[in-house]
1. Looking only at region 184-228, count how many residues are more than 26 Å from residue 268 (Cα to Cα) and of a type in the set (Lys, Arg).
2. Only residues that are out of contact with any strand residue (DSSP E or B) (no Cβ under 6 Å at 6 or more places or on another chain) and surrounded by 21 or more Cβ atoms within 10 Å (Cβ to Cβ): list them for region 271-282, please.
3. Here's a check for you: in region 143-155, which residue that is surrounded by 16 or more Cβ atoms within 10 Å (Cβ to Cβ) and under 30 Å from residue 97 (Cβ atoms) is farthest from ligand 1 (Cβ to nearest atom)?
4. Test of understanding: among 211, 262, which residue is under 27 Å from residue 278 (Cβ atoms), hydrophobic (A, V, I, L, M, F, W, C), in contact with a strand residue (DSSP E or B) (Cβ under 8 Å, 6 or more places away or on another chain) and modelled with pLDDT of 95 or more?
5. Go over the candidates 69, 34, 50 one by one and state the one that is in contact with a Leu (Cβ under 7 Å, 6 or more places away or on another chain) and among the acidic types (Asp, Glu).
6. Condition test on residue 310, is it away from ligand 2 (no atom under 16 Å from the Cβ), acidic (Asp, Glu) and at pLDDT 95 or above?
7. Among the residues of region 85-94, is any more than 17 Å from residue 12 (Cβ to Cβ) and within 16 Å of ligand 1 (Cβ to nearest atom)?
8. From (1) more than 16 Å from ligand 2 (Cβ to nearest atom); (2) crowded, with 21+ Cβ neighbours inside 10 Å; (3) in a strand (DSSP E or B), pick out the condition that doesn't hold for residue 95.
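The values are calculated or read from the model by the stated rules, or taken from the named source; none is laboratory data. What you are looking at is a predicted structure, and each value in this text was computed from that prediction instead of being measured. Note that we place each Cβ from the backbone using ideal geometry, even for glycine, and neighbour counts take in every protein chain shown.
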Amino acid sequence: MKILGIETSCDETAAAVIEDGRHIVSNVVATQVEMHAKYGGIVPEIASREHMRALLPVVDSALEQAGMELPELDGVAVTHGPGLAGALLVGVNTAKGLALSHNLPFIGINHLEGHVYAAWLEEGVDPEARPGFPLMCLITSGGHTDLILMEGHGIYKLIGRTRDDAAGEAFDKAARVLGLGFPGGPEIQRVAESAVGLEPDLPRPRIRNSLDFSFSGLKTAVLRRAELKGMYPPPEESELDPAEVSEVANAFQEAIVDSMVLRTMDAIRKYRVNGIILGGGVAANSRLRQKMTEESPVEVIVPRPGLCTDNGAMIGAAAFFSLDRGSAFQWDLDVIPSLRLG
Ligand code: KG4
Ligand code: ZN
């Protein structure tokens, strides 16, 4: 079964053809990052406009790379939430039109469920067979930091979430304080690599008797540290010292990675799962991938970085397993910007 997966919830315009929920036949991602970078964050109106311009060409190239025409597909799937309302609308209505014009099954997918199913897309990986359900999913991105217990296909329980900023948002804000570019996550990772590690630790916020996260205290701690060192507000007369920037970036990355790993370990002790799935843009972070794998007593499945950040392949994968559950032909599907999983 070949499904076209479409994703436009934030700043990537993406489409992919996925076979049987596991094999990537084609996968095309057009990023808008340069349009938003000069504003230091995503501008919703620009995102919608760029999706309008880019989506049909992106779909065309996904079909062309797959060597297929629309009528040969078995279904069209699209992210219908959570995300930016205008950005989601472009994806949902375009996908609906494409499906309707060829009488194809049409299905809406929760973006967070997409991030979970990216784990099914690596060759030779089948989390259902090994390590098997139940699985603990940490979905960590620009909009979410959620711990989700997955007991089977489509069976989710949200057991922890951020009380304030998402981890990706905290990366982006810390990067801004340190004079680094947008998006902040890859920039912090890049400069942290050259740190020699003399910087004192930053706090690892933990909420008592809860599996929730909180990152706003850490964000403030980075700001205070930067102020103390005369790095923020940026000095007018001189450039920031790259060695100092990399040390504070490294201290921030260590603290935020530790918070996520510690909470995930608390969660697996409580719920006795067989494995962990890591997903979402922040799961592209090499330190998080390394530390989670080192600390976990159970298997950690983490897709390659390009499948952690937003893409259409994960939507096509999730759709296959949803169609299995019989939820096709959603003609009245609408966008739900605050959709939750579990
Ligand atoms: O999943 P995603 O592509 O979009 C949302 O659904 O939000 O995640 C984007 C977020 C951004 O905040 C970005 O800074 C972060 O993922 N990110 C990273 C890395 N790559 C992307 N954070 C830390 N390290 C990375 N290597
Ligand atoms: Zn995402």
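1. 4
2. 281
3. By that ranking, first place goes to 153.
4. After ruling out the rest, the residue left standing is 211.
5. Testing whether each residue is in contact with a Leu (Cβ under 7 Å, 6 or more places away or on another chain) and among the acidic types (Asp, Glu) leaves just 69.
6. no
7. Checked region 85-94: no residue is more than 17 Å from residue 12 (Cβ to Cβ) and within 16 Å of ligand 1 (Cβ to nearest atom).
8. (3)
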